[in-house]
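Note sheet for the following structure.
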Amino acid sequence: MIRSTFTLATIAALSGLTFTAQAAAAPRVETASIAVAAESVEGKIASVDLENKTFEIEVGDRSQTFKTDETTKYYLGDKISTREEVLKVGKKVTVTYSEGLASRVDGEAESA
């Protein structure tokens, strides 16, 4: 009985060492996260496509199209606003974006 207990303990111990050695020898895979910096651009809204959640602004002699999603924030002046209030053709806006997705759209508040 003592001998079989010793044999089982030895097998268990050696098995553990084998698994530990295999785990230590496994290659390490490191993942890299890429941070993309946000950019800003000012212009006038040229068109709005609410169905496709995009809008286009004129910046000097060129135009630039942006996507929006449920995380896009809209402001008029310094107050939180809505997409419908900010994205109006002809309105001056500042768009903060990354990879074509607008994270924030600041519309110029209308004078009283």
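The values are calculated or read from the model by the stated rules, or taken from the named source; none is laboratory data. The structure displayed is predicted, hence computed values, not measured ones. Every residue, glycine among them, receives a Cβ derived from its backbone with ideal geometry; neighbour counts consider all protein chains shown.
If the condition is being touching a Gly at 6+ places or on another chain (Cβ under 9 Å) and either among the hydrophobic types (A, V, I, L, M, F, W, C) or in a loop (DSSP other than H, G, I, E, B) (or both), then the stretch 90-109 contributes Lys91, Val93, Val95, Glu108, Ala109. May I ask you to say which residue of Ser63, Ser81 is small (Gly, Ala, Ser) and in contact with a Phe, Trp or Tyr (Cβ under 6 Å, 6 or more places away or on another chain)? Going through Ser63, Ser81 in turn, the sole match is Ser81. Scanning the stretch 36-75 for residues that are among the basic types (Lys, Arg) and closer than 14 Å to Gly100 by Cβ yields Lys53, Lys67. Scan the stretch 60-71 for residues that are within 23 Å of the chain's Cα centre (by Cα) and either at pLDDT below 95 or within 15 Å of Val48 (Cα to Cα) (or both) and the total you get is 6.
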